[in-house]
Amino acid sequence: MSDVSARGKTKLVDGSPMQIVSVFGLPILLVLVVVGFSLALPDTYPTMLNLRAIISDKSIVALLALAATIPMATNNWDLSVGFGVALTHVVAFGLQVEQGFPWWLASLLAIALGACHGAINGLLVTRAKIHSFIATLGSGTVALGLAQWYTDGKQIVGSVDPAFYLIAKMWAGIPLPAIYVLLLMALLWIVFEYLPIGRNLYVIGSNPKTAELVGISETRHVVLAYVASGALVGFAGVVLASRLHVGQSSVGVDFMLPAFTAAMLGATTIRPGRVNAPGTVIAVLLLAATVSGLQQLGAKFYVEALFNGTMLLLAVGLAHYATRRREAAVARAGWRRPPAEAAKAKAERPA
């Protein structure tokens, strides 16, 4: 059980073995998986080539998982990330090949398109009062249809400015998309842990009625969360187009399940019971490292789908269990914010 400090914040770890496992179980499991497969496959698994292949191949999944994490903080789903990246990546590439746009303008428009898609999701959830599961699945399917219409079901192939391909190139032996993931992970960690808007998103996700009572606008924050998620999906689409050198409307759909699974699984570690960026990235690495090892051991092509689906079911169960543990820990601690401190915090909160 987590302790509560004198200032009213739940400590990350209280030192007990159970708490250490609860908080760091996923990173520990990742280390065990890597060590186990390295011993079983010493010639192929623990190599720089395999590491680069994993982080290069799964960077798009990590970007989409981080995108899904943002609205999940408000207890809303975003099932449109895979469909959204399909649309934005064909637009980013197609605007250059077919309309002759400069690479930087095509990239910005793709990101803006992703943000607009996110805004539509947010309005469907907050204004139309459609459940986020249905709203984002529906809007995502529309986005996929638009991508298929834009490409006419064919690949977009052509020459673009070579500078566009630098977006997904290697830097100092590291794929640039992996660096984007680390930077965005750090940014989201800062936002959620240290900035008022991040804490407000967590409050909305845990107790919307309390958020309303203390003056936090659920509508504004949820819409902003979806806009940020959509913009990140658009950025992932740009990176994907730069990496593939082609526009194809069907490629993004396969990212939805692993991205959503990683976002859910990430809520079971680092901050158990809360979605968080470091946990999401660790979950992506765990899924990728395990699938890579199984494939090198001779597993069939369908093992990835089976494994990701199983892990999604496990992640949902563990996430709910971690949430209940967190709520019970706070309740048993009996912590209540002093009235004077609560009034001061409310007065200082920006409108």
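Being touching a His at 6+ places or on another chain (Cβ under 8 Å), touching a residue at least 24 places away in the same chain (Cβ under 8 Å) and over 24 Å from Ile167 (Cβ atoms) is a description that does not apply to Leu257.
Do we find that Val238 is part of a loop (DSSP other than H, G, I, E, B), surrounded by 24 or more Cβ atoms within 10 Å (Cβ to Cβ) and out of contact with any Asp or Glu (no Cβ under 9 Å at 6 or more places or on another chain) in this structure? Even if it seems obvious, please write down each step before you answer.
Numbers: part of a loop (DSSP other than H, G, I, E, B): no; surrounded by 24 or more Cβ atoms within 10 Å (Cβ to Cβ): yes; out of contact with any Asp or Glu (no Cβ under 9 Å at 6 or more places or on another chain): yes.
Considered against the rule, which asks whether it is part of a loop (DSSP other than H, G, I, E, B), surrounded by 24 or more Cβ atoms within 10 Å (Cβ to Cβ) and out of contact with any Asp or Glu (no Cβ under 9 Å at 6 or more places or on another chain), Val238 comes out as no.
Just so you know, in segment 288-301 the residues that are part of a helix (DSSP H, G or I) and touching a residue at least 40 places away in the same chain (Cβ under 8 Å) include one that is surrounded by the fewest Cβ atoms within 10 Å (Cβ to Cβ), and it is Gln296.
Restricting attention to segment 66-89, the residues being in contact with a Leu (Cβ under 9 Å, 6 or more places away or on another chain) and in a helix (DSSP H, G or I) number 15.
When the residues of segment 241-258 are filtered to those that are small (Gly, Ala, Ser) and more than 15 Å from Leu63 (Cβ to Cβ), the one that is surrounded by the most Cβ atoms within 10 Å (Cβ to Cβ) is Gly247. Within segment 31-45, residues that are more than 13 Å from Thr290 (Cα to Cα) sit with their Cβ atoms under 8 Å from residues that are assigned to a helix (DSSP H, G or I), at 6+ positions apart or across chains, in these pairs: Thr44/Asn50; Thr44/Gln296. Suppose we filter segment 57-110 for residues that are touching an Asp or Glu at 6+ places or on another chain (Cβ under 6 Å) and surrounded by fewer than 24 Cβ atoms within 10 Å (Cβ to Cβ); how many remain? The total comes to 1. Cβ separations smaller than 7 Å between residues 6+ apart or across chains give the following pairs from segment 47-58 residues that are within 15 Å of Phe37 (Cα to Cα) to residues that are surrounded by fewer than 16 Cβ atoms within 10 Å (Cβ to Cβ): Asn50/Thr44.
Across segment 201-235, the qualifying residues are those that are of a type in the set (Gly, Ala, Ser) and not in a helix (DSSP H, G or I), and the one among them that is nearest to the chain's Cα centre (by Cα) is Ser217. The set of residues in segment 166-200 being free of Cβ contacts under 8 Å to residues at least 12 places away in the same chain, of a type in the set (Phe, Trp, Tyr) and part of a helix (DSSP H, G or I) consists of Tyr194 alone. State yes or no: is Val160 out of contact with any Ser or Thr (no Cβ under 8 Å at 6 or more places or on another chain) and not acidic (Asp, Glu)? Criteria met by Val160.
All of the numbers you see were taken from the coordinates with simple rules; none came from a lab. None of the values given here were measured: they were computed from a predicted structure. Virtual Cβ from ideal backbone geometry, glycine too; neighbours counted across all protein chains shown.
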